[in-house]
Amino acid sequence: MSASGGTKAIVAALGANLAIAASKFVAFAFSGSSSMLAEGVHSVADSGNQFLLLVGGKRAQREATPQHPFGYGRERYIYAFLVSIVLFSVGGMFAIYEGYEKISHPHEIDHWYWPVGVLVFAIIAEGFSFRTAIKESNELRGTLSWTAFIRRAKAPELPVVLLEDFGALIGLVLALGGVGLSLLTGDGVWDGIGTVCIGVLLVLIALVLAAETKSLLLGEAAGAEEVKKIEAAIVDGDTVPRIIHMRTLHLGPEELLIAAKIAVRHDDTATEVATAIDAAEARVRAAVPIARVIYLEPDIYSEAEAAKGPDPEATPGGPTPQSAGH
């Protein structure tokens, strides 16, 4: 997996979650706290999710085949989508069910120091994991807000780890609140309420992850900045005077497909057109290194056709063409 895939953040989160999961189950065994059981299952689910992300990153590196000529870059999106399913079902729905059972049949928490101690330890460990994810993300985020970064990131791993760690920290605070209220009031219902809150939080995070990874699976275009760089690289004002229309598609986080119809002069020879296309492709790859697959179709630009309006081949929702008509 490339550095932008956030391998360091994934490994840090995996190590933290395995240690936290073990401590939570020990605390549940001694205290009987449903919040601890829900949090233990949550940590196991998170550990499985990080393993899925690592597997997806490894499988995405396979070479292209005749059956999959554009490679396997999108496997990273598929495994990220599986993470959202695991988080929803194993983490969220289990916690809601366990919380409902605890509210229906409450009992006092035994050996209170076990859940409290483990929760404090877990908050510290998750804090370090979250800090690593933030540090790795800041190298790619630039001036984007955190919301914009999660929505626009083409590599799914860092947004997934960020949301998981953020959800884990909030969940731990909710669990600590539920356990604390149960100890103060002597009523185990609060432990169940805290567990239900953890479940609802995990379900919401899972839905956000599912929505974002679904968009990546459907196929997203290059970002606005990359589109500008590509357009500027293709057009040299001489051999390629303008772009008639262009489409871009991410084949994977670091693989971009570009298909464009470019205008050439009506008196250019076939050799001159081929040379212009080769030069334009070289300029694009220099400007946007992730442009792995480029298809440029030459055409004769017509002012009369341009005066009629947008290119008829242009579809709504695509990148805005520089010019229309051909």
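The values are calculated or read from the model by the stated rules, or taken from the named source; none is laboratory data. Small disclaimer: the values here were computed from a predicted structure and weren't measured. Heads up, the Cβs are rebuilt from the backbone with ideal geometry, glycines too, and the neighbour counts pull from every protein chain shown. Surface accessibility is based on the protein's heavy atoms, side chains included, excluding ligands, DNA and RNA. Shrake-Rupley method; radii C 1.70, N 1.55, O 1.52, S 1.80 Å.
Restricting attention to the stretch 30-42, does a residue exist that is open to solvent by 10 Å² or more (accessible area, probe 1.4 Å), modelled with pLDDT of 85 or more and of a type in the set (A, V, I, L, M)? Taking every residue of the stretch 30-42 in turn, none turns out to be open to solvent by 10 Å² or more (accessible area, probe 1.4 Å), modelled with pLDDT of 85 or more and of a type in the set (A, V, I, L, M). Can you tell me how many residues within the stretch 138-178 are in a helix (DSSP H, G or I) and either of a type outside the set (Val, Ile, Thr) or touching a Phe, Trp or Tyr at 6+ places or on another chain (Cβ under 7 Å) (or both)? Qualifying residue count for the region: 27.
Counting only residues that are surrounded by 15 or more Cβ atoms within 10 Å (Cβ to Cβ), among the hydroxyl-bearing types (Ser, Thr, Tyr) and more than 33 Å from the chain's Cα centre (by Cα), the stretch 100-126 holds 0 of them.
What's the total number of residues in the stretch 251-262 that are surrounded by 22 or more Cβ atoms within 10 Å (Cβ to Cβ) and either part of a strand (DSSP E or B) or modelled with pLDDT of 90 or more (or both)?
Step one: list which residues in the stretch 251-262 are surrounded by 22 or more Cβ atoms within 10 Å (Cβ to Cβ), which gives 252-253, 256, 258, 260, 262.
Adding the requirement that they be either part of a strand (DSSP E or B) or modelled with pLDDT of 90 or more (or both) leaves 252, 256, 258, 260, 262.
So the count comes out to 5.
Scanning the stretch 205-229 for residues that are assigned to a helix (DSSP H, G or I) and open to solvent by less than 60 Å² (accessible area, probe 1.4 Å) gives Ile205, Ala206, Leu209, Ala210, Ala211, Glu212, Thr213, Ser215, Leu216, Leu217, Glu226, Val227.
For the stretch 193-214, enumerate the residues that are farther than 10 Å from Gly92 by Cβ and either at pLDDT 90 or above or out of contact with any Phe, Trp or Tyr (no Cβ under 9 Å at 6 or more places or on another chain) (or both).
Here is the first cut: in the stretch 193-214, the ones farther than 10 Å from Gly92 by Cβ are 193-197, 208-214.
Correct list: Ile193, Gly194, Val196, Cys197, Val208, Ala211, Glu212.
Within the stretch 127-152, residues that are under 16 Å from Pro253 (Cβ atoms) and open to solvent by 60 Å² or more (accessible area, probe 1.4 Å) reach partners that are among the acidic types (Asp, Glu) and in a helix (DSSP H, G or I) with beta carbons closer than 7 Å, at six or more positions or on different chains, in the pairs Arg151/Glu212. A single entry from Gly219, Gly186 fulfils the requirement of being modelled with pLDDT under 90, touching a strand residue (DSSP E or B) at 6+ places or on another chain (Cβ under 6 Å) and either on the phi > 0 side of the Ramachandran plot or of a type in the set (Lys, Arg) (or both): Gly219.
Of everything in the stretch 154-196, what is without any contact (Cβ under 8 Å) to a residue 24 or more places away in the chain and surrounded by 22 or more Cβ atoms within 10 Å (Cβ to Cβ)? Give them in sequence order.
Filtering the stretch 154-196 down to residues without any contact (Cβ under 8 Å) to a residue 24 or more places away in the chain leaves 177, 181, 184-185, 190.
Trp190, the sole residue that qualifies.
Here Gly57 clears all of (1) farther than 21 Å from Gly171 by Cα; (2) open to solvent by 20 Å² or more (accessible area, probe 1.4 Å); (3) assigned to a helix (DSSP H, G or I) except the condition numbered (2).
Gly73 fulfils the conditions (1) assigned to a loop (DSSP other than H, G, I, E, B); (2) under 25 Å from Glu225 (Cα atoms); (3) open to solvent by 50 Å² or more (accessible area, probe 1.4 Å); (4) touching a residue at least 12 places away in the same chain (Cβ under 8 Å) except for a single criterion, (3).
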